[in-house]
Amino acid sequence: MKQLWCAVSLLAGSLFWSSTAPAQTSASGALLQQMEQASQTLNYEFAYINVSRIGIESLRYRHAVIDNRVYAQLLQMDGPRREVIQRGGDISYFEPGLDPFSLPGQHIIDALPSLIFADFSQLASAWDFIPVGRSRIADQLCEVIRIVSRDGTRYSYVVWLDVDTKLPLRIDLLDRDGETLEQFRVISFAVDEGVRNIMQGLQKASLPPSLSVPEGEKVQLGWQPAWVPAGMKLISQSRRAIPAMNKTVESRLYSDGLFSFAINITPADKSSVTQTLRTGRRTVQTEVRNNSEITVVGELPPATAKRIADSIDLGSQR
């Protein structure tokens, strides 16, 4: 189960590609909006696995709405007990060897695809939603939809939606060559009031207090990228000192609602080198230019990360 702090510091098979009429794409977008609504309003339980290049996780996710308030639980099923609980706008983390803590949030994002909570009405301007057909997952008939960026600069998704409930039963993340990077796959699930009854115990559960998250310093940075993928928007920017490195880092965070990346700029030193590192969906692209070390890190193909880094206009940075 990924640590939230790591996320902040950064942050299907052979399916046939075909052209599709605008009406079909619109219908697929409507189905995806129904998925987002079902995921946030139904009382349900998933037993599922996450498969990636680094291994397989077995997890259980429960979700219920009680008195117009969301309650959810994510539990890692193997190894040390790791648990995340949502009660309304608070997300509580329980990890072996760490003191429990809570943070404000609207969703449990750890070990769940961000696609589930995406606003597809906002994504429609930069993404195509392509119907592929129907297939069976977890003994349920599903609609299969492919989600592809129009400019071809990002990874794509394939999602299997249960025909009856519209819940996602499988989500594949594909690279630009069509190879699977990650897979969310439901093994069994239930949609009934029994889940709601189980989750009622969280109403009075003792949860750790919510940590205060200090507001970042509001700054204006003297540099900017000349190009970012279509639909990417600036979410935040900051300047902070790193005492251990005796450096100051300036950062901009971008997101399109599905994927995110950060641009970090620090003064270059003798250890600064141009390099590309990739682990699963995450790429780290470092360029050295004009005595500055430029690092693009996030959920991007390497070619896209390099294009962003190459486009940086340092302006008055140096």
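The values are calculated or read from the model by the stated rules, or taken from the named source; none is laboratory data. Treat the numbers as computed from the prediction; the structure is a model and nothing was measured. Here Cβ is always computed from backbone atoms with ideal geometry, including for glycine, and neighbour counts include all displayed protein chains. Areas reflect the complete protein model, heavy atoms only, side chains present, ligands, DNA and RNA absent. Shrake-Rupley method; radii C 1.70, N 1.55, O 1.52, S 1.80 Å.
One table, with the values for the structure above:
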quantity	calculated
Amide H partners (placed H, <5 Å) of Arg82, local residues excluded	Gln76
Nearest-0.05 FRET efficiency for Ile56 and Thr276, computed from C-beta distance (R0 22 Å)	0.25
Residue-normalised accessible area of the stretch 27-204, expressed per residue, 1.4 Å probe, Å²	43 Å²
Accessible surface of the chain, 1.4 Å probe, proportion on carbon and sulfur as whole %	51 percent
For the stretch 224-313: accessible area per residue (Å², 1.4 Å)	48 Å²
Long-range HN-HN contacts of Gly105 with modeled amide H, under 5 Å	Asp90, Ile91
The stretch 27-204, relative contact order [Cα under 8 Å, separation at least 6], %	24 percent
Among 160-173, 190-203, the order from most to least packed when residues are scored by Cβ within 10 Å on average	160-173, 190-203
Projected label distance in nm at Leu207 and Trp227, using a 7 Å step from Cα toward the beta-carbon	4.4 nm
Heavy-atom accessible area order for His63, His107, largest first, 1.4 Å probe	His107, His63
Debye equation applied to the C-alpha atoms of the stretch 224-313, log10 I(q)/I(0) at 0.18, 0.24 Å⁻¹	-0.77, -1.30
Cubic angstrom per residue, convex hull over Cα atoms of the chain	153 Å³
Arg81 versus Arg239: modelled label distance in nm, points set 7 Å from Cα along the beta carbon direction	4.8 nm
P(r) histogram, all alpha-carbon pairs of the stretch 27-204 included - 5 Å bins from 0, percent	1, 8, 16, 20, 20, 16, 11, 6, 2, 0
Within straight-line cross-link reach of Lys233, lysines at Cα separation under 28 Å, skipping those fewer than 8 residues along the same chain	Lys2, Lys218, Lys247, Lys306
For the stretch 252-293 versus the stretch 155-207, the gap between their alpha-carbon centres in whole angstrom	31 Å
Order by protection proxy (mean Cβ within 10 Å, highest first), peptides 282-290, 258-266	258-266, 282-290
Stretchable slack from Lys247 to Ala27, in nm (0.36 nm times residue separation minus alpha-carbon distance)	74.1 nm
